[in-house]
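Visitor: Can you keep this structure in mind? I'll have questions shortly.
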Amino acid sequence: MEARKEAPLAVPLKAPAATPPDFDAAFRDRLDALFAWRRDVRCFRTTALDAAEYDALLAAACRAPSVGFSQPWRLVRVRDGDRRTAIRALFEAANAEALALQPAERAGLYARLKLAGLDDAPEHLAVFVEPDPASGHGLGRATMPETVAYSAVLAIHTLWLAAAARGIGVGWVSILAPQAVAAALEVPAQWRLVGYLCIGYPAEASPVPELERAGWEQRRPLTELLVER
């Protein structure tokens, strides 16, 4: 099926200040608080997002760093009800397969986890990557071509922080078959899915990850993650 051509997103980008701002200690404290309160949200209120706020999130995503300034992310706002239903069905199928793969001692806990906010989140955003974009002229990716996809991940994280600063939640749905999502959304064949995001106002807020609260995993200390040579 031929991919439907979508109108380009109108993403306003404000020009940066001529001189760098003073990021003082008070700002750094609030930034640390932002990192602590940014959560992967699965429970959303159905309240619609303000259009200007949503545009601001997309603009923030497009300010993310990218290898060779290639800007390889491709954003698909999923608004059509039938397409959302198709994505929901893909999640259910993939989630059933994931549950079947769980060891017996963790299957019950897995089944109780809420792993997506697809039903309530007012906004769905699929983030794809153009794996060989003309922009950037190949700079920086000859030896590490995966940095193109990493750039799209940085766009997601930048959007995520911008959302958290506005009291908006983001949930990353990864329990999906990427090619099936691409087919359901009729995007160009070469695009690769990086993340399917649910975006909206969270039903509750917590500085503790939901999976930690549910007993699925605990945060590991830096000493277990840092190697010095």
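The values are calculated or read from the model by the stated rules, or taken from the named source; none is laboratory data. Here the structure is a predicted model, which is why all the values come from computation and not from measurement. Heads up, the Cβs are rebuilt from the backbone with ideal geometry, glycines too, and the neighbour counts pull from every protein chain shown. Ligands, DNA and RNA are excluded from the accessible area calculation, which covers all protein heavy atoms including side chains. Shrake-Rupley method; radii C 1.70, N 1.55, O 1.52, S 1.80 Å.
Visitor: Need one value: the accessible area of Asp82 in square angstrom, 1.4 angstrom probe, rounded to the nearest 10.
Guide: Number for this one is 120 Å².
Visitor: 222 nm [θ] for the chain, helices only, -39500 (n - 2.57) per DSSP H run of 4+, per residue, to 500?
Guide: -11500 deg cm²/dmol
Visitor: At what distance in nm do the modelled label points of Leu211 and Ala33 sit from each other, each positioned 7 Å from its Cα along Cα→Cβ?
Guide: 2.7
Visitor: Among Phe91, Phe69, Phe23, which one shows the highest mean-square fluctuation when the chain is modelled as a Gaussian network with alpha-carbon springs under 10 Å?
Guide: Of the options given, Phe23 has the highest mean-square fluctuation.
Visitor: Could you look at the range 14-86 and say what percent of its accessible area is carbon and sulfur, using a 1.4 Å probe and all protein chains?
Guide: Here carbon and sulfur together make up 56 percent of the probe-accessible area.
Visitor: I'd like to check one number: the per residue accessible area of the chain, probe 1.4 Å, reported in Å² as a whole number.
Guide: With all protein chains present, the chain gives 61 Å² per residue.
Visitor: To the nearest Å, what is the center-to-center distance of the range 25-42 and the range 171-228, using C-alpha atoms only?
Guide: When both Cα centres are located, 18 Å separates them.
Visitor: Cut-off 10 angstrom, C-alpha nodes, Gaussian network model of the chain. Which of Gly167, Gly136, Gly81 fluctuates the most?
Guide: Per the Cα network of the chain with a 10 Å cutoff, Gly81 tops the list.
Visitor: Quick one: with all protein chains in place, what share of the accessible area of the range 174-229 is carbon or sulfur, to the nearest percent (1.4 Å probe)?
Guide: Answer for the range 174-229: carbon and sulfur cover 54 percent of the accessible area.
Visitor: Under a 1.4 angstrom probe, counting protein chains only, how are Thr47, Thr19 ranked by accessible area, largest first?
Guide: Most to least solvent-accessible, the answer reads Thr19, Thr47.
Visitor: How big is the gap, in Å, between the Cα center of the range 46-63 and the Cα center of the range 101-129?
Guide: So the two Cα centres are separated by 23 Å.
Visitor: How much solvent-accessible surface does Asp119 expose, in Å² to the nearest 10, with a 1.4 Å probe and all protein chains in place?
Guide: Rounded to the nearest 10, the figure is 110 Å².
Visitor: Springs between alpha-carbon pairs under 10 angstrom, Gaussian network model over the chain: which of Ala18, Ala59, Ala180 fluctuates most?
Guide: The residue with the greatest mean-square fluctuation here is Ala18.
Visitor: Would you rank Arg229, Arg83, Arg88 by solvent-accessible area, highest first, keeping every protein chain in place and using a 1.4 Å probe?
Guide: So the residues, ranked largest to smallest area, are Arg229, Arg88, Arg83.
Visitor: Over the heavy atoms of Arg220, what accessible area does a 1.4 Å probe trace out, to the nearest 10 Å²?
Guide: Its heavy atoms expose roughly 130 Å² to the probe.
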